[in-house]
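Here's the structure we're looking at; comments come further down.
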C-alpha cells in the first residue's frame, strides 16, 4: 500500500516537477509568472491524443511530435502574449497570459469537444512488488522518461552554447543584447523549451487521468505550489517541490482526507512562505528599490 | 472660460445624467436584465476592493473572491443561526470580513510583492476548500439554501427593482468613500507604498500596518458584497467563490484601468453585460473574450479608462500649449 502510494506520488510529482520547471524557466527569463502554464499541459495532452488516436501513430512517436509541436505553440504564445508587452507592467503581462489561457482552454473545447479523452499507455500492464504492491508500468515509465528529460534539460542549460545564451538572457536582457545575443530568439527558445516540457507531461499523464479542457487550472495550481515550496526561481527547487506536492497529494489523500488534498498543499505553501519565503532551495532574493 | 465649461460638464453634468439614468433603469428593463445588473453591481464592489489593494496600494491579491465568500457565509449564518436582522447582518459581516482580512494581512504582508500574491493564491484555495468541506458553517457541498431576503426595519425587499436600489446606493456610497479615501492621508500613504515602498518607509509610513489596513478595507467591501449576494441569491454554493472568480476581478479592473473607481465600473459592466448580450454566440463567447483580453492588453495596457484619460489629458495639454503660443 505504502509502496504503491509512493510510486504514484512520485510519478505525478515528477510531472508537476516538469510543469514547474517550465514555469521557472519562463519566470527566470522574463520575470513574470506564467499563468497559462497549466493550459500547456492540457494542450500537449490533446495534441498527443490527436496524433495517437486520430492519426493512429504509435504512442512514442506521437509523444515526441506532440511535444515538438508544443514548442511551436510556446513560441506563438510568447510572440502574442508576452513580446508586445515586454515594456509594460508585470500585471498587464499576467492578465494577458490569463487571456491566453482562456483562449487555449476554449480553443481546445471548440476543437476537441468537452468529453474527456485518453491516449495509449507507453507501457501496458502492471507488476507486483514486495508481495502486495501493484505498480502499473505507466507510472514507472513516467518516472523514467521525466528523469531523462530533466537530465537533458540540465545538460542543455549548463553545458551547451544555447543554454548559456538562455541563461545570460535570463540574468540580464539588456546586457545580453549588448554582447550580441538576439534576445527575442533566446526568449523564444526559453518559451519553446518550457512549453515542450509541460506538453510532454500532458501526454504522459493522459492515460492515468482523462484529458479534458479544464484540467490545466488544477495542474497549474499544483505546479505553482511546487515552485513556491521548492524555492522560487530555482530549477532544482521546482523538481523537489513537484515531488513534495505529488507525495503530499498521494499520502494526504490516502491517510488524511481526499477532500482536503488541495487545501493541504496550499496550507503547506502558506507555511513555507511564512517561515522560509525563499523556499527550500531558493537563495536570498534581493529586493529592487 | 471655455475650458472651465468643459470641466464643469465632465465633472458634474455627465455624472448627474448618468445617475439619473441609473435611477431610471428599473423603469425600462426586464426582471432578468435587472438581475444581471444586480449581480454586476455586487461584482463591482469586489472589483472596487481590488482597486483599493491593487490600484492604490500596488499589492496584487487573488483572494478577493474568497473574502467575498467569507462575507456571504457570515451574513447567512448571522441571519439564519443567530436571527440577526439582515441590515445588522450586512454591517456585521462587512465588519467581520474586514477584521478577518486585516488580521490575515498582518501575517501575509510580511511577504512582499510576488510572495504576497502567491500567498493570496494559497489563501483563495484554502478558503474554497473550507467552503466546500466545513459542513457545520457553510453547508459543505450542498451549500446554504433559503436565505431570507434583505429587509430594512420591517420592510422586506424582495423584488428585483427594490434590490437594485439597495445595491445601487451601497455601490454609490462605496464609490464616494473610495474618492474620499483617495484624497485622504491614508490613501496617499497607500499610493506612496505602491510607488516606492522603501521611500514610503523613509517618510515614516508603517508599511506593514498600512498594507494590512488596505487589505482590511478591501475585506470590508468584499464582505458587504458577499452579504448582498447572499440576500439576493438566497442560495450559497462553494462553486461561486473560486479562484476563477478572482482572476475575473483582476481582468475586469485591468480592462477598465486600475487607477480609478470609474475604470473599475467600466471594466465590470463591460464584462458582465457582454456575457449577456452575446449569449447567442455562447459557444464562441469565451474564446472571443480571451482573445479580446489579450488584444486589449497589447493595445491598451493601462485599461480603457486609463487610455481614455491619457487622451483627455493630452488634449488639455495640447490646447493649453496652443493657447500660450497664440498669446
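Residues in the range A:1-52 that are within 25 Å of residue A:93 (Cβ to Cβ) and not in a helix (DSSP H, G or I): A:31, A:32, A:33, A:34, A:35, A:36.
Show me the helices (runs of 4 or more DSSP H) found entirely inside the range A:62-179 where at least 3 residues are within 14 Å of chain B (Cβ to nearest Cβ) and either surrounded by fewer than 19 Cβ atoms within 10 Å (Cβ to Cβ) or touching a helix residue (DSSP H, G or I) at 6+ places or on another chain (Cβ under 6 Å) (or both). Before the answer, list the steps.
Numbers: elements: A:90-112, A:137-159, A:161-171, A:173-178.
Qualifying helices (runs of 4 or more DSSP H): A:90-112.
Table: residues versus (1) surrounded by fewer than 20 Cβ atoms within 10 Å (Cβ to Cβ); (2) modelled with pLDDT of 85 or more.
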| site | (1), (2) |
| --- | --- |
| A:217 | yes, no |
| A:226 | no, yes |
| A:232 | no, no |
| A:242 | no, yes |
| A:250 | no, yes |
| A:254 | yes, no |
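Meeting the requirement of 2 or more residues that are within 14 Å of the chain's Cα centre (by Cα) and within 20 Å of residue B:69 (Cβ to Cβ), the helices (runs of 4 or more DSSP H) wholly within the range B:169-282 are B:207-233, B:243-256, B:261-277.
Considering the range B:109-145, the residues that are at positive phi and more than 10 Å from chain A (Cβ to nearest Cβ) include one that is surrounded by the most Cβ atoms within 10 Å (Cβ to Cβ), namely B:139. No other residue among A:214, A:190 is more than 14 Å from chain B (Cβ to nearest Cβ) and within 17 Å of the chain's Cα centre (by Cα) apart from A:190.
Among the criteria (1) outside any helix (DSSP H, G or I); (2) more than 14 Å from chain B (Cβ to nearest Cβ); (3) more than 23 Å from residue B:120 (Cβ to Cβ), the one residue A:257 does not fulfil is (2).
Residue-wise test of (1) at pLDDT 80 or above; (2) within 11 Å of chain A (Cβ to nearest Cβ).
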{"residue": "B:233", "(1), (2)": "yes, no"}
{"residue": "B:245", "(1), (2)": "yes, no"}
{"residue": "B:263", "(1), (2)": "yes, no"}
{"residue": "B:272", "(1), (2)": "yes, no"}
{"residue": "B:279", "(1), (2)": "no, no"}
{"residue": "B:285", "(1), (2)": "no, yes"}
{"residue": "B:300", "(1), (2)": "no, yes"}
{"residue": "B:304", "(1), (2)": "no, no"}
{"residue": "B:319", "(1), (2)": "no, no"}
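Is it the case that the range A:194-212 has a residue that's outside any helix (DSSP H, G or I) and surrounded by 24 or more Cβ atoms within 10 Å (Cβ to Cβ)? There is at least one residue in the range A:194-212 that is outside any helix (DSSP H, G or I) and surrounded by 24 or more Cβ atoms within 10 Å (Cβ to Cβ).
Run down B:237, B:260, B:246 and say which single residue is within 13 Å of residue B:63 (Cα to Cα) and out of contact with any strand residue (DSSP E or B) (no Cβ under 7 Å at 6 or more places or on another chain).
On the way: B:237 fails: within 13 Å of residue B:63 (Cα to Cα); B:260 fails: within 13 Å of residue B:63 (Cα to Cα).
None of the other options fit; the residue is B:246.
Residues that are within 14 Å of the chain's Cα centre (by Cα) and crowded, with 24+ Cβ neighbours inside 10 Å number at least 1 in the following helices (runs of 4 or more DSSP H) confined to the range B:1-100: B:31-50, B:64-81.
The values are calculated or read from the model by the stated rules, or taken from the named source; none is laboratory data. Just so it is clear, the model here is predicted, and its values are computed rather than measured. Don't worry about glycine lacking a Cβ; one is built from the backbone with ideal geometry, like all the others, and counts go over all protein chains shown.
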